[in-house]
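Presented below is the structure to which this report refers.
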Amino acid sequence: VQAARAFAPRETVDSFAAVERWAAPRLAHLEHEEVWLLCLDGRNALKTALRVARGGAHGCALTPKDLLSPALREAASAVVLVHNHPSGDPTPSAEDVQMTRAVSAACEVVGVPLLDHVVVARGGAASVFEGSEPSPVPSE
């Protein structure tokens, strides 16, 4: 059984939509904030997903080191940062943008690129990198 899992195809996380598909069902409904680090291999397949912070209803405190340490430990080729907004509004805050810039700069130094930072919420999802309007929650 374990050998079969070792050869099972990994989920590819190669777009904003793929990150949203991974994150929304796990994080959008939470009443507290969580920050996750998606560690990817050289083909953007998900190696590991790690919760790196859990906060309250209004935020989490973390530093670039809190993200880089696990990324390096997991031998990630690239990373994606994802977190939720319990408020229901996925619009990135000024703090989200500032933290993303700091993390991206630190990632460049160690050669593990930050591909995106996605915010999910009940009201949809938004990319900090794209600076886009939040995408609506897909209807089922």
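List of remarks:
- Checking each residue in the range 113-132 for being of a type outside the set (S, T, Y) and either open to solvent by 10 Å² or more (accessible area, probe 1.4 Å) or touching a Leu at 6+ places or on another chain (Cβ under 6 Å) (or both) picks out P113, L114, L115, D116, H117, V120, R122, G123, V128, F129, E130, G131.
- Sole exception among (1) more than 18 Å from A126 (Cα to Cα); (2) touching a residue at least 12 places away in the same chain (Cβ under 8 Å) for R73, by number: (2)
- Residues of the range 73-101 classified as open to solvent by less than 60 Å² (accessible area, probe 1.4 Å) and in a loop (DSSP other than H, G, I, E, B), total: 9
- The set of residues in the range 14-66 being out of contact with any helix residue (DSSP H, G or I) (no Cβ under 6 Å at 6 or more places or on another chain), in a helix (DSSP H, G or I), in contact (Cβ under 8 Å) with a residue 12 or more places away in the chain and open to solvent by less than 50 Å² (accessible area, probe 1.4 Å) consists of V19, E20, W22, A23, A24, L27.
- Within the range 102-124, being out of contact with any helix residue (DSSP H, G or I) (no Cβ under 7 Å at 6 or more places or on another chain) and in a loop (DSSP other than H, G, I, E, B) holds for G111, R122, G123.
The values are calculated or read from the model by the stated rules, or taken from the named source; none is laboratory data. From a predicted model like this one, the values you see are computed outputs, not experimental measurements. Heads up, the Cβs are rebuilt from the backbone with ideal geometry, glycines too, and the neighbour counts pull from every protein chain shown. In case anyone asks, the SASA skips ligands and DNA or RNA and just uses the protein heavy atoms, side chains included. Shrake-Rupley method; radii C 1.70, N 1.55, O 1.52, S 1.80 Å.
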